[in-house]
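The values are calculated or read from the model by the stated rules, or taken from the named source; none is laboratory data. Keep in mind it's a predicted model, so treat the numbers as computed, not measured. Neighbour counts are summed over all protein chains in view; Cβ atoms, including those assigned to glycine, are modelled from backbone coordinates with ideal geometry. For the accessible areas, the whole protein counts, side chains as well, though only heavy atoms, and no ligand, DNA or RNA atoms are used. Shrake-Rupley method; radii C 1.70, N 1.55, O 1.52, S 1.80 Å.
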Amino acid sequence: NAGVTQTPKFRVLKTGQSMTLLCAQDMNHEYMYWYRQDPGMGLRLIHYSVGEGTTAKGEVPDGYNVSRLKKQNFLLGLESAAPSQTSVYFCATSSGLMNTQYFGPGTRLTVL
Amino acid sequence: RKEVEQDPGPFNVPEGATVAFNCTYSNSASQSFFWYRQDCRKEPKLLMSVYSSGNEDGRFTAQLNRASQYISLLIRDSKLSDSATYLCVVNSGGFKTIFGAGTRLFVKA
């Protein structure tokens with residue numbers, strides 16, 4: 001089993017460009033999350049999903065959109081990238097909201 | 001005040017040493033507690049859950065003090081492979097899982 005995978009692993013964008021990050025899981029988990037991790041700060045929740053077709057805002061949702069069209073996939077979109085969105089993005093899944101979260105390997109995004 | 005606070009370190013210890021990390025949380029209604037480990041440029045991975053009565057997993061011991069709102073992690077007989085960042089994680093119900101910024105540990109030969 002691959003667990004949780006993320007594509008791409010690295011990306012460099014120019015300000016104003018758009019992109020989509022893909023998270024895929026084969027763990028059959030209902031819950032999926034997108035976090036960003038910045039130096040000196042803990043992981044911060046961007047958006048999350050409690051099941052196929054549902055999404056909700058987390059702590060820092062501005063500038064991001066998400067979709068969960070299939071249970072195994074959770075997409076994170078940046079419509080108009082800004083330098084403040086330079087970060088490492090992690091996707092995670094869990095079988096319950098208070099259960100262990102399993103993380104993907106991360107995407108390192110730089111916005112110039 | 002941050003909801004979950006950790007000493008960022010780094011802690012530099014020799015192999016075989018015992019090292020302890022503390023973490024404080026601000027929400028008294030918090031319900032679930034975890035320690036995650038994150039290696040350099042890698043994803044976080046669960047190290048252990050923290051139970052009210054305290055729990056042990058090999059060389060690792062976790063304690064929870066609800067009255068003082070802190071969690072601790074004790075590592076005995078440190079190995080080089082224990083070098084990593086340790087994240088304190090607190091769930092306050094629902095989606096509200098808060099990750100601490102982490103404590104860096106370097107174990108030296």
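Could you give me D for segment B:6-55, from Stokes-Einstein at 37 °C and 0.692 mPa s, where the hydrodynamic radius is the Kirkwood radius over C-alpha pairs? Units µm² s⁻¹, please.
245 µm²/s
Convert 10 °C to kelvin, take the viscosity as 1.306 mPa s, use the Kirkwood radius over C-alpha pairs of the protein assembly as shown as Rh, and evaluate the Stokes-Einstein diffusion coefficient in µm²/s, rounded to a whole number.
Estimated diffusion coefficient is 88 µm²/s.
Counting only the heavy atoms of the protein chains, how much of B:GLU5 is accessible to a 1.4 Å probe, in Å² to the nearest 10?
80 Å²
With the Cα gyration tensor of chain B giving a ≥ b ≥ c as the square roots of its eigenvalues, does the rule (a/c under 1.5 for rounded; else a/b larger than b/c for prolate; else oblate) give rounded, prolate or oblate? Walk me through the numbers before you get to the answer.
Numbers: a/c = 1.93, a/b = 1.59, b/c = 1.22.
Since a/c reaches 1.5 and a/b is larger than b/c, the shape of chain B is classed as prolate.
If I model a spin label at A:VAL60 and A:MET41 as a point 7 Å from the Cα along the Cα→Cβ vector, what separation in nanometres do I get?
Taking the simple label geometry, A:VAL60 and A:MET41 are separated by 0.3 nm.
Could you list, in their original order, any pairs among A:LYS70/B:LYS45; A:LYS9/B:LYS2; A:LYS14/A:LYS71 whose Cα atoms are separated by more than 28 Å?
As for pairs spanning more than 28 Å Cα to Cα, those are A:LYS9/B:LYS2; A:LYS14/A:LYS71.
Cα convex hull of chain A: mean projected area in nm², to one decimal?
Projected area, direction-averaged: 6.4 nm².
About the Cα centre of segment B:16-109, how large is the charge dipole given +1 on each Lys and Arg Cβ and -1 on each Asp and Glu Cβ? Please answer in debye to the nearest 20.
The calculated dipole for segment B:16-109 is roughly 200 debye.
Using the Karplus curve 6.51 cos²θ - 1.76 cosθ + 1.60 with θ = phi - 60°, what ³J(HN,Hα) values do you get for each residue of segment B:96-109, in whole Hz, with x for Gly and Pro?
Those phi angles translate into 7, 9, 10, 9, x, 6, x, 10, 8, 10, 10, 9, 10, 6 Hz.
For chain B, what does the accessible surface come to per residue with a 1.4 Å probe? Please give it in Å².
Accessible area per residue, chain B: 49 Å².
Could you list the residues of segment B:1-22 with an amide nitrogen less than 15 Å from a label point located 7 Å from the Cα of B:ARG59 in the Cα-to-C-beta direction?
Hits in segment B:1-22 for B:ARG59 at 15 Å: B:12-21.
Would you mind getting the accessible area per residue of chain A, heavy atoms of the protein chains only, 1.4 Å probe, in Å²?
On the way: 5220 Å² over 112 residues.
Normalised by residue count, the accessible surface of chain A is 47 Å².
Evaluate the charge dipole of the protein assembly as shown about its Cα centre and quote only its size in Debye, nearest 20, assuming +1 on the Cβ of each Lys and Arg and -1 on the Cβ of each Asp and Glu.
Here the size comes out at about 360 debye.
What is the percent carbon and sulfur in the accessible area of chain B, measuring with a 1.4 Å probe over the protein chains and ignoring ligands?
Here it works out to 48 percent.
Report the local net charge at B:TYR70: Lys and Arg +1, Asp and Glu -1, summed over other residues whose C-beta lies under 12 Å from its C-beta.
-1
Any chance you could check segment A:95-112 for residues losing 20 Å² or more of accessible area when the partner protein chains are in, compared with the chain on its own (1.4 Å probe)?
By number: A:LEU97, A:MET98, A:THR100, A:GLN101, A:PHE103, A:PRO105, A:ARG108.
May I ask for the net charge around A:PRO105, where only other residues with Cβ less than 12 Å from the Cβ of A:PRO105 are counted and Lys, Arg are +1 while Asp, Glu are -1?
+3
Using a probe radius of 1.4 Å on protein heavy atoms only, what is the accessible area buried between chains B and A, both sides summed, to the nearest 100 Å²?
Looking at B and A, the buried total is near 1600 Å².
How much of the accessible area of chain A, probe 1.4 Å, is carbon plus sulfur, in whole percent?
Of all accessible area on chain A, carbon and sulfur atoms account for 52 percent.
Just A:PRO61, A:PRO39, A:PRO83 to compare: in a GNM of chain A, with alpha carbon springs under 10 Å, which one fluctuates most?
A:PRO39
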